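*Asks:* Please see the structure below; I have some questions.
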Amino acid sequence: MTVVDQHHRIEPETEAQVRREVAGASWFKLAAATSKAHHDVDDARRGHDDDALCRALDRHAVLERLLAEATDRLHPPRG
């Protein structure tokens, strides 16, 4: 669970859409999408657009979680 998950409820429709968009993507594509989503959060924050910021935070949180899951699959935690 990310910090965003703890403080912000992600809309199920948004999560489903993001998961569809990146289904089957490689780790590198997930990393690139997560990076872009981070920049989108910054842009929305600078633009003082609360709706865009909320959507961008949702996308970023979902992509961050998917990237973490992909990383765990490639490099399972030891122990």
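*Asks:* For segment 40-67, which residues satisfy the criterion of being of a type in the set (G, A, S) and surrounded by fewer than 13 Cβ atoms within 10 Å (Cβ to Cβ)?
*Replies:* Residue satisfying the conditions is G47 alone.
*Asks:* Taking only segment 1-20 into account, find how many residues are modelled with pLDDT under 95, assigned to a helix (DSSP H, G or I) and open to solvent by 90 Å² or more (accessible area, probe 1.4 Å).
*Replies:* Counting residues in segment 1-20 that are modelled with pLDDT under 95, assigned to a helix (DSSP H, G or I) and open to solvent by 90 Å² or more (accessible area, probe 1.4 Å) gives 4.
*Asks:* Go over the candidates A23, A37 one by one and state the one that is at pLDDT 95 or above and open to solvent by 40 Å² or more (accessible area, probe 1.4 Å).
*Replies:* A23
*Asks:* Among the residues of segment 68-79, what is the count of those that are open to solvent by less than 70 Å² (accessible area, probe 1.4 Å) and farther than 20 Å from Q17 by Cα?
*Replies:* 1
The values are calculated or read from the model by the stated rules, or taken from the named source; none is laboratory data. Worth saying up front: this structure is predicted, and the values here are computed from it rather than measured. Glycine also receives a Cβ, built like all others from the backbone with ideal geometry; neighbour counts cover every protein chain displayed. Each accessible area value is taken on the protein alone, full model and side chains, heavy atoms only, with ligands, DNA and RNA left out. Shrake-Rupley method; radii C 1.70, N 1.55, O 1.52, S 1.80 Å.
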